[in-house]
Every structure is written in C-alpha cells, then in structure tokens.
Amino acid sequence: MTEIRPETARAKTYRLALAAPSQHLAGQHYIVRLTAPDGYTASRSYSVASPPDGSNAIELTVEFLEGGEVSTFLHEDVVVGDELEVRGPIGGWFVWDGATSAILVGGGSGVVPLMAMMRLARMTNRSELLRLVVSCRSPGDLYYADELPGPGTTIVYTRSAPPLSARPVGRLTTEDLAPAIIPDATAYVCGSPSFAHAASQLLVELDQPVDRIRIEQFGPSGEPAVLAYGVLARCA
C-alpha cells in the first residue's frame, strides 16, 4: 500500500504497487482477500479507478459499509506500507477499449469504473468519445470531486445541491441524460440495482439500443454483477 486518501466521508482510495505491471482494462476489477490468523478468509471485488497506464500501480476506491468485513478492515486498520492479497484483473464485458464512443452513467460509488474510463480518455486526449453523467446525494457524496467536473460531464444531485445550482435536486431524468446520448455509442451503467434499473430504463426511453447497454450493479456485499440489459451475463 503506497497511498490512502479520502474521497468522501465514507470512501477512500487505496493505491497499491503490484509485483508486476497491471494489464487491466478500464472497467475491470480486482478481488481483495483477507486472511485471519485462524485461517478465516473474506474477499470482495473492487473496481479499478485508475486508467491503464502500463505501470505496476492500481487504485481501488472503497466505500465503507456497515458490517462489511473487508471494507471495515480497509477503512479502520490498513495503513500505508501494509501488504494486501489481490487477484485480477477480472472482467471482459464491462470494459471500454479507449477507441469507441461511450455513454457513462453512474450512481454513487458506481462512478468508480467509469472514472477509469474517463481518466483513460483524458490521458489519451480522446475525451470527445465519452459523455459522463453522475448521480449522487449531495456535494459531500461526490467521488473525485476535484477531478471529475469538466467537459463532457454532468453531475446530478438528488438531495442537496451546491449553492446557485441551476438544476433542482431530484432523481435522474431523461432531460439529464439526453445531452449525453451519442449515436452508435455503447452505454455503461453502474450503481445499485435500483439505480441501474432506473437509469437503463431512461436510456431505452431515449432510444438507446438495448444491445448497446451494459450494466454493472452492486449488491449489499459490494460484489459487482455484470449484466447485458436485463440479462445476467456474468458474476464476479
């Protein structure tokens, strides 16, 4: 562990130095496994927030979950210099190749794999290929607040918004997503099951082809499930 930094009051980003360069793709995840002295193990999957840059470093952003074995340990016990057991990268469906148009829609912590895609686009000067819409409860709940805002990004606040915000607070709507629609683009939706369902329905209402909607949703354990629109494709 080379760095730990807060993203929100309940989320931290962990920078890990791997033994060899990471070959991950934007949108993939790693499994973090903990082993207790008595041999008990617990593991969770966490999306990679950093872009593929050929280095041996990856960044995982982890939300603290009440009662979560792995997230609690990471938030309360891990310090810089500790070693973690990780396995990956994993996943081949919910990935962006860096060369095609994409619509990114994230709710809360669902922005993490999408941020890897946005960072890749900015790193390679291909930001025009992406449109990112992020929904979060309040400014204090926004991940990557110092980096995320910029061209091609829209932030929707559902419970409280910054002063002088032009958009009233409320759930994501077709009006929020309409400017992000790009012809022939693939849509990547990531968030809780309820958010993923609602956001994908809005995309369909905007005539986004269902075969161009890819969904990654997170259950109570934080484990991601990757779906084609309405059809379970693979579980991590």
Checklist entry - How would you rank 170-177, 76-83, 110-117, highest first, on the average number of other Cβ atoms within 10 Å across their residues? => result 110-117, 170-177, 76-83
Checklist entry - About the Cα centre of region 3-90, what is the dipole size in debye to 20, counting +1 per Lys and Arg Cβ and -1 per Asp and Glu Cβ, all else neutral? => result 260
Item to check | Positive-end extreme of charge dipole, region 102-235 - chosen from Tyr143, Ala199, Val156 (charges on Cβ) | outcome: Tyr143
Item to check | Span from the region 49-92 Cα centroid across to the region 195-219 one, whole angstrom | outcome: 27
Next on the checklist: Rounding to the nearest 10 and keeping the result within 0 to 90°, find how far the Cα-based axis of helix 193-205 lies from the longest principal axis of the chain.
Outcome noted: 30
Item to check | Point-charge dipole on Cβ atoms (K/R +1, D/E -1) for the chain, about Cα centre, debye to 20 | outcome: 360
Checklist entry - If one takes the longest principal axis of the Cα atoms in the chain, at what angle in degrees, from 0 to 90 and to the nearest 10, does the Cα axis of helix 111-123 lie? => result 80
Item to check | Ranked by how many other beta carbons lie within 10 Å on average, peptides 50-58, 158-166, 209-217, 129-137 from highest | outcome: 129-137, 209-217, 50-58, 158-166
Checklist entry - What percent of all Cα-Cα pairs in region 32-110 falls in each 5 Å bin, counting up from 0? => result 3, 10, 20, 24, 18, 12, 8, 4, 1, 0
Next on the checklist: Using a Förster radius of 30 Å, what is the FRET efficiency between Asp211 and Val80 based on their Cβ-Cβ separation? Nearest 0.05, please.
Outcome noted: 0.10
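How long are the semi-axes of the ellipsoid equivalent to the chain, from square roots of 5 times the Cα gyration tensor eigenvalues, in whole Å, largest first?
Working: eigenvalues 159, 75, 61 Å².
Ellipsoid half-lengths, sorted descending, are 28, 19, 18 Å.
Every number in this text was worked out from the coordinates using simple rules, so none of it is lab data. Fair warning: this is a prediction, and the values are worked out from it, not measured in the lab. Backbone-built Cβ (ideal geometry, glycine too); neighbour counts: all protein chains shown.
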